[in-house]
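One structure below.
The values are calculated or read from the model by the stated rules, or taken from the named source; none is laboratory data. These figures come from a predicted structure and were not determined experimentally. Note that each Cβ is placed from the backbone with ideal geometry, even for glycine, and that neighbours are counted across all protein chains shown. Just so you know, the surface numbers come from the protein's heavy atoms only, side chains and all, with ligands and any DNA or RNA stripped out. Shrake-Rupley method; radii C 1.70, N 1.55, O 1.52, S 1.80 Å.
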Amino acid sequence: MLMPKPQCPIHGERLHRRSCRACNAAYMRAYYKERRRRSPAHEMWDRARKRARRFAIQFELPRGSVVIPTVCPALGSPIEATGPRTPTSPSLDRIRPDEGYVTGNVRVLSDHANRMKGNLTLADLERRQYSTQGPRAAEYARLAEYVRREALLAEVRAKAALGGRMGEEWGRIARFLDRAFIRADWKR
């Protein structure tokens, strides 16, 4: 891994990681910065796992399940996974916050969309859509559409989980809807 050259405020570029806490901290900052740059999806998964442990939230995401799209599924804005945190940075959204980090309940949105959505329900988003004016109202409308769409997909997935022949059919419908929603997001 090609890391930027860490510098200790005491020893400079010549690090003494075993004996100097500042040297070790400088090394670790550089290491994590490079890791975030090289594999942002894995870093998001790792941070979500730590956050779930810290706040006692359910976490059952497989290791490679976080995928960063090029376009935000909620607002249709581009997502850029490089550099410092910006409104276009990727952010892991729990669609239904009370269900935790489980498969089918997380999506990667832009940081701006995720901060706007927060823990708001569909009714809250619609209320804000009508009480706000200008471009912010349009953003709330798109977020409400996103939450409505994800609720439909969750309902179909729940029917697919029942099993049997009908469950298989609902599973096909869920996969179709998921692909259709992703295609629609990319065309925005």
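The table below gives the values:
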quantity	calculated
Full-extension gain in nm, residue 38 to residue 176, via 0.36 nm per residue minus C-alpha separation	46.5 nm
Residue among 12, 22, 42 farthest towards the positive dipole end of region 2-42, charges placed on Cβ	42
Fraction of antiparallel bridges per DSSP, the chain only, in percent to nearest 5	90
Relative contact order for region 1-130, counting Cα pairs under 8 Å that sit 6 or more residues apart, in percent	17
Total charge dipole magnitude, region 115-158, about the Cα centre, Cβ charges on Lys, Arg, Asp, Glu only, Debye to nearest 20	120
Signed unit charges on C-beta, dipole axis of the chain, positive-most listed residue 66, 174, 125	66
Fully extended contour minus Cα-Cα distance, from residue 152 to residue 165, at 0.36 nm per residue	2.6 nm
For the chain, the spread of Cα positions along each principal axis, largest first, Å	64, 47, 32
Semi-axis lengths (Å, descending) of the ellipsoid that matches the C-alpha gyration tensor of region 55-143	23, 18, 10
In degrees, nearest ten, helix 164-187 long axis to first principal axis of the chain (Cα)	60
Separation between Cα centres of region 105-143 and region 3-45, rounded to whole Å	37
Whole-number accessible area per residue in Å² for the chain, which is evaluated in the context of all protein chains at 1.4 Å	63
Dipole magnitude of region 1-52, debye to nearest 20 (Cβ charges: Lys/Arg +1, Asp/Glu -1, about Cα centre)	140
Magnitude of the charge dipole, the chain, Cβ model with Lys/Arg +1 and Asp/Glu -1, debye to 20	820
